[in-house]
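To start, the structure itself, in structure tokens.
The values are calculated or read from the model by the stated rules, or taken from the named source; none is laboratory data. On a predicted model such as this, the values are computed, not experimentally measured, just so you know. Quick reminder, even Gly has a Cβ in these numbers, built from the backbone with ideal geometry, and neighbours come from all protein chains shown. The accessibility values were calculated without ligands, DNA or RNA, using every heavy atom of the protein model including side chains. Shrake-Rupley method; radii C 1.70, N 1.55, O 1.52, S 1.80 Å.
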Amino acid sequence: KTAANNFKPIIISGTSLKGYVTFNTNSNNIITTKCALSPVSCAGAWKNMAAEMPHWDFTKVKNEADYLWNFELSKIKVQSVSEAKKSLKAEDNKLVTFYTALYHTMLAPNIYEDVDDQYRGRDNTIHVSKQFNNYTVFSLWDTFRALHPLMSIIDQDRTNDFIQTFLAQYEAGGRLPVWELSSNETECMIGYHSVSVIADAAVKGITNYDLQKAYTAMKHSAMLDHFGLSFYKEKGFIESNEEPESVSKTLEYSYNDWCIAQMGKLVNAPKSEIDYYSNRGYNYLNVMENGFARPRFNGGWHSPYNPTEVNFNFTEANAWQYFWTPAQYDLNGVKDLLGGEENFTQKLNEFFLTEALNSNKFLGQEAMIGQYAHGNEPSHHIIYLYTYSNQPQKGQK
């Protein structure tokens, strides 16, 4: 900041740029800095700065941030039994844990546009979003199971924006996002879980977007030929010699297809289309054998086979964990596979009690409870399945 209280920008360009700034300071001096970002241009960043923080009042920024975060976190209100005593007992620590977790759910996706509604699209050209806020960081394999359903309950406006962003990316880039970052498709992780987010929102009445366009985009994701989809479409499953993570892809594609069928019902699609995707939703049966999700090979079953083993047939998981994936949408079908309610409960018990060799644990799964890996996505829903068993108290425990 100059003596005239004006800025003198230094413009640099190139690749792999780095910079540093030094200050001559005396004891107890305070250095205040601020920055602004833009996905569009340097001029856009200056506009964002001028609109959002033209001042140098750090306390004002802090107070505004406190207000905004308290507003967001108050969407769910939880009380501690010892709150009135203002003491740091175990209940208060749980309260801190809960709101810290809720805070973490709101770190992404992020708004990805300037204050004048300009953003850089999947086609690398500049677009204007007058009807919605454009977002980025859709790590959908990580978020379709829990984060987005939560947002559909506590933040329906943002959910509408998320889906309108999906459709804008479909128009500009030719595909719904799979794992999008800064308007680029990273191709990270599996499935086409945009369709899960859209279907979940639509059946809950969150529909401030073009439903028919959304349905068309969902079908497009299911009819591509990459990542084993050509084999999956042809015979209803993917074999281990055809595509890595073949079991996980078969199971997650099946779930996505079931979601498309639900969306088809909502938009009054032809019965033949609904039946087609509904039938694909049962493809999970093609990789189920004796109570496990098992890889296929040359029309038969892959051998040798250890259901606790983490290998290239699964995505960050094993046959135990992925067996429960279809329970996200066909709970009764999973119970039928096991022979009924009592066997379903027994299988859950066995799941939480079966240990694995340390060599078969990964990604922090040293903290597994039996085969249950709470820290990794394919297990996230499993503990709640006790709610649908004849021993619901075990899920609470």
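Is there a residue being of a type in the set (S, T, N, Q) and not in a helix (DSSP H, G or I) anywhere in region 244-257? I'd like the intermediate steps shown before the answer.
Within region 244-257, the subset of a type in the set (S, T, N, Q) is 246, 248, 250, 254, 256.
Subset that is not in a helix (DSSP H, G or I): none.
There is no residue in region 244-257 that is of a type in the set (S, T, N, Q) and not in a helix (DSSP H, G or I).
Among the residues in region 219-228, are any at positive phi, open to solvent by less than 50 Å² (accessible area, probe 1.4 Å) and touching a Lys or Arg at 6+ places or on another chain (Cβ under 7 Å)? Break it down into steps so the answer makes sense when it comes.
Just the residues of region 219-228 that are at positive phi, to begin with: 227-228.
Right, trim to open to solvent by less than 50 Å² (accessible area, probe 1.4 Å) and you get 228.
So of that shortlist, the ones also touching a Lys or Arg at 6+ places or on another chain (Cβ under 7 Å) come out as 228.
Looking through region 219-228, at least one residue is at positive phi, open to solvent by less than 50 Å² (accessible area, probe 1.4 Å) and touching a Lys or Arg at 6+ places or on another chain (Cβ under 7 Å).
Between residues in region 260-281 that are in a loop (DSSP other than H, G, I, E, B) and residues that are among the charged types (D, E, K, R), which pairs lie under 8 Å by C-beta distance while being six or more apart or on different chains?
Listed pairs, sorted by first residue: G281/D257; G281/D330.
So if I check each of R280, R294, which one is in contact with a strand residue (DSSP E or B) (Cβ under 9 Å, 6 or more places away or on another chain), open to solvent by less than 50 Å² (accessible area, probe 1.4 Å) and of a type in the set (D, E, K, R)?
Working: R280 fails: in contact with a strand residue (DSSP E or B) (Cβ under 9 Å, 6 or more places away or on another chain).
None of the other options fit; the residue is R294.
Please specify each residue of region 316-339 satisfying the condition of being at pLDDT 95 or above and open to solvent by 20 Å² or more (accessible area, probe 1.4 Å).
Answer for region 316-339, where residues must be at pLDDT 95 or above and open to solvent by 20 Å² or more (accessible area, probe 1.4 Å): Q328, Y329, D330, L331, N332, K335, D336, L337, L338, G339.
Based on this model, can you work out whether S359 counts as small (G, A, S), part of a helix (DSSP H, G or I) and at pLDDT below 95? Show your work before the answer.
Details: small (G, A, S): yes; part of a helix (DSSP H, G or I): yes; at pLDDT below 95: yes.
Against the criterion (small (G, A, S), part of a helix (DSSP H, G or I) and at pLDDT below 95), S359 qualifies.
For region 212-233, check the following and say yes or no: at least one residue is in a helix (DSSP H, G or I) and in contact (Cβ under 8 Å) with a residue 60 or more places away in the chain. Outline the logic, then answer.
Taking region 212-233 as the starting set, the residues that turn out to be in a helix (DSSP H, G or I) are 212-222, 229-233.
The next check asks that each one be in contact (Cβ under 8 Å) with a residue 60 or more places away in the chain; those that pass are none.
No, the conditions are met nowhere in region 212-233.
Could you tell me which residue of region 51-95 is modelled with the lowest pLDDT, considering only residues that are in a loop (DSSP other than H, G, I, E, B) and either β-branched (V, I, T) or within 30 Å of I30 (Cα to Cα) (or both)?
Start the filter on region 51-95 by keeping residues that are in a loop (DSSP other than H, G, I, E, B), which leaves 53-57, 74-82, 86-89.
Of the ones still in play, those that are also either β-branched (V, I, T) or within 30 Å of I30 (Cα to Cα) (or both) are 53-57, 76, 78, 81.
Working: M53: 94, P54: 94, H55: 95, W56: 94, D57: 95, I76: 97, V78: 90, V81: 70.
Restricting to residues being in a loop (DSSP other than H, G, I, E, B) and either β-branched (V, I, T) or within 30 Å of I30 (Cα to Cα) (or both), the top hit is V81.
Quick check on region 298-315. Is at least one of its residues open to solvent by 10 Å² or more (accessible area, probe 1.4 Å), closer than 20 Å to Y232 by Cα, of a type in the set (D, E, K, R) and part of a loop (DSSP other than H, G, I, E, B)?
No - not one qualifying residue is present in region 298-315.
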